[in-house]
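The structure under discussion appears below in the form of structure tokens.
The values are calculated or read from the model by the stated rules, or taken from the named source; none is laboratory data. What you see is a predicted model; the values in this text were computed from it and never measured. Backbone-built Cβ (ideal geometry, glycine too); neighbour counts: all protein chains shown.
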């Protein structure tokens, strides 16, 4: 009997990170990305300074319960504002380094959990 791995095309898994980029579903991204099962937005914003309600509008439609933020600057002033906006929508924010965010996103997405990630290489 031949066993084949079933890969959901809409899963959007992170295959690697490092060297200033992220590989998602075999495609390299060198700028910040918003990723969730069924959503991949690259060339989205330039930096954490650009985070706004408008830049996050696509998230509201998919209704994540957990939002992972992968960045090298976990103490950025925008993070406090983001945490408040997300709390009002009952979305938990977890801030971690890029590698941890990529790994955590993959696990939660494969468990069919309502997760999204903002990844800043």
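Can you say whether residue 45 is over 19 Å from residue 109 (Cα atoms), at pLDDT 90 or above and surrounded by 14 or more Cβ atoms within 10 Å (Cβ to Cβ), as far as the supplied structure shows? It is true that residue 45 is over 19 Å from residue 109 (Cα atoms), at pLDDT 90 or above and surrounded by 14 or more Cβ atoms within 10 Å (Cβ to Cβ). Of all residue pairs spaced 6 or more apart or on separate chains, those with beta-carbon atoms under 7 Å, a first member in segment 65-81 that is closer than 15 Å to residue 46 by Cα and a second member that is modelled with pLDDT of 85 or more and in a loop (DSSP other than H, G, I, E, B) are 70/97; 70/120; 71/120; 72/97; 78/51.
Can we say residue 107 is crowded, with 20+ Cβ neighbours inside 10 Å and under 14 Å from the mean Cα position of the chain (by Cα)?
Answer is no for this residue.
Listed here are the residues, each with its yes/no results for (1) touching a helix residue (DSSP H, G or I) at 6+ places or on another chain (Cβ under 7 Å); (2) at pLDDT 90 or above; (3) loosely packed, with under 12 Cβ neighbours inside 10 Å; (4) part of a strand (DSSP E or B).
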{"position": "7", "(1), (2), (3), (4)": "no, no, yes, no"}
{"position": "11", "(1), (2), (3), (4)": "yes, no, no, no"}
{"position": "15", "(1), (2), (3), (4)": "no, yes, no, yes"}
{"position": "55", "(1), (2), (3), (4)": "no, yes, no, no"}
{"position": "68", "(1), (2), (3), (4)": "yes, yes, no, yes"}
{"position": "83", "(1), (2), (3), (4)": "no, yes, no, no"}
{"position": "87", "(1), (2), (3), (4)": "no, yes, yes, no"}
{"position": "95", "(1), (2), (3), (4)": "yes, yes, no, yes"}
{"position": "101", "(1), (2), (3), (4)": "no, yes, no, no"}
